[in-house]
Each structure stands twice: as C-alpha cells, then as structure tokens.
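Participant: Questions regarding the structure given below will be posed in turn.
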Amino acid sequence: MAITYTWAITSLKTKTEGSNADAVVQTYWKKIGTDSVSSETGEFSGATPLSSASVSSFTTFADLTEANVLAWIQAVVVGSYEEHVNAQILKQINEKITPVSESDMPWAP
C-alpha cells in the first residue's frame, strides 16, 4: 500500500506582534492521504501555532502563499508527531478497505 499525501490550509488567525501587523499566529490545516491501490482516503486535521517573533525575516500577510504557510507547518509536523498523523490517516483508510461491523452478542435477546 502506497499512500500519497496532500496538504491544505483551512484557516489562519492573525494579530499584530511587535512591529509586524497581521502576523499569522495560528494555522488550521489538514493532511489527506490517498491509497494508490484502492483510492480510499483518510485525513487528519491539525492546528499549529506560530510566532513572528521567532523568524528572521517577516513576510507580510498580502505576500503570503500557501506554499509559505505549508512550509512553516511541515517544519513543525515532524518526527513522532508526523508518524502519529500518518498513522491516523492510515487507520481511516484501512477501516474503509476492511470495514469492521458491530454485532449483537449471540447470547443477548
């Protein structure tokens, strides 16, 4: 099973930080995985806080691109956090491929 991942920004929050007006301080995003064999998908929604105080060069809100913001998020979603995100996506895909059904107990009336 090979999973292809795509990312999307779903929302941003901004505020003035120091001299930086409309600094992005909160991102909301989702990562979608698609199984190349079954075409089933799973997704994980996340939120990543940011601070313009920790960056060496500030990009004005009007000049932001989705690629800029995704790069900031992807720099945080690494290691065990990324493993967790991918595992949740894989779990959803597997549940679609092989659904688990709830059954009544055979001894229940």
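The values are calculated or read from the model by the stated rules, or taken from the named source; none is laboratory data. None of the values given here were measured: they were computed from a predicted structure. A quick note on method: Cβ atoms are made from the backbone with ideal geometry, for glycine too, and the neighbour counts reach across all protein chains shown. Just the protein is used for accessible areas: all its heavy atoms, side chains included, with ligands, DNA and RNA removed. Shrake-Rupley method; radii C 1.70, N 1.55, O 1.52, S 1.80 Å.
Conditions tested, residue by residue: (1) out of contact with any strand residue (DSSP E or B) (no Cβ under 9 Å at 6 or more places or on another chain); (2) in a strand (DSSP E or B); (3) farther than 15 Å from Leu90 by Cβ.
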site: Met1; (1), (2), (3): no, no, no
site: Thr4; (1), (2), (3): no, yes, no
site: Thr10; (1), (2), (3): no, yes, yes
site: Thr16; (1), (2), (3): no, yes, yes
site: Ala23; (1), (2), (3): no, yes, yes
site: Thr34; (1), (2), (3): no, yes, no
site: Ser39; (1), (2), (3): yes, no, no
site: Gly42; (1), (2), (3): no, yes, no
site: Gly46; (1), (2), (3): no, yes, yes
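Participant: Looking for whichever is over 22 Å from Met1 (Cβ atoms), β-branched (Val, Ile, Thr), within 19 Å of the chain's Cα centre (by Cα) and at pLDDT 90 or above here; the options are Val85, Val78. Which one fits?
Facilitator: Details: Val85 fails: over 22 Å from Met1 (Cβ atoms).
Every option except Val78 fails the conditions.
Participant: What is the one condition in (1) among the aromatic types (Phe, Trp, Tyr); (2) touching a residue at least 24 places away in the same chain (Cβ under 8 Å); (3) outside any loop (DSSP other than H, G, I, E, B) that Phe58 does not satisfy?
Facilitator: For Phe58, the exception is condition (3).
Participant: Could you run through segment 74-109 and say how many residues are open to solvent by less than 60 Å² (accessible area, probe 1.4 Å), out of contact with any Lys or Arg (no Cβ under 9 Å at 6 or more places or on another chain) and in contact (Cβ under 8 Å) with a residue 12 or more places away in the chain?
Facilitator: Of all residues in segment 74-109, those open to solvent by less than 60 Å² (accessible area, probe 1.4 Å) come to 77, 79, 85-87, 89, 93, 108.
Filter again for out of contact with any Lys or Arg (no Cβ under 9 Å at 6 or more places or on another chain), leaving 79, 87, 93, 108.
Subsequent filtering for residues that are in contact (Cβ under 8 Å) with a residue 12 or more places away in the chain retains 93.
Summing the residues that are open to solvent by less than 60 Å² (accessible area, probe 1.4 Å), out of contact with any Lys or Arg (no Cβ under 9 Å at 6 or more places or on another chain) and in contact (Cβ under 8 Å) with a residue 12 or more places away in the chain in segment 74-109 gives 1.
Participant: Regarding Leu64, is this residue of a type outside the set (Ser, Thr, Tyr) and touching a strand residue (DSSP E or B) at 6+ places or on another chain (Cβ under 6 Å)? Break it down stepwise before answering.
Facilitator: Values: of a type outside the set (Ser, Thr, Tyr): yes; touching a strand residue (DSSP E or B) at 6+ places or on another chain (Cβ under 6 Å): no.
The answer is no for Leu64.
Participant: Could you say which residue among Ser45, Ser19 is in contact with a Phe, Trp or Tyr (Cβ under 8 Å, 6 or more places away or on another chain) and open to solvent by 60 Å² or more (accessible area, probe 1.4 Å)? Steps first, answer last, please.
Facilitator: Details: Ser19 fails: in contact with a Phe, Trp or Tyr (Cβ under 8 Å, 6 or more places away or on another chain).
Residue meeting the stated conditions: Ser45.
Participant: Mind counting the residues in segment 62-73 that are of a type in the set (A, V, I, L, M, F, W, C) and open to solvent by 60 Å² or more (accessible area, probe 1.4 Å)?
Facilitator: Our first condition is that a residue be of a type in the set (A, V, I, L, M, F, W, C); within segment 62-73, this holds for 62, 64, 67, 69-73.
Filter once more, so that each one left must be open to solvent by 60 Å² or more (accessible area, probe 1.4 Å): 62, 67, 72.
Of the residues in that region, 3 qualify.
Participant: Give the residue, chosen from Leu50, Leu12, that is in contact with a helix residue (DSSP H, G or I) (Cβ under 8 Å, 6 or more places away or on another chain), open to solvent by less than 80 Å² (accessible area, probe 1.4 Å) and modelled with pLDDT of 95 or more.
Facilitator: On the way: Leu50 fails: modelled with pLDDT of 95 or more.
Going through Leu50, Leu12 in turn, just one is in contact with a helix residue (DSSP H, G or I) (Cβ under 8 Å, 6 or more places away or on another chain), open to solvent by less than 80 Å² (accessible area, probe 1.4 Å) and modelled with pLDDT of 95 or more: Leu12.
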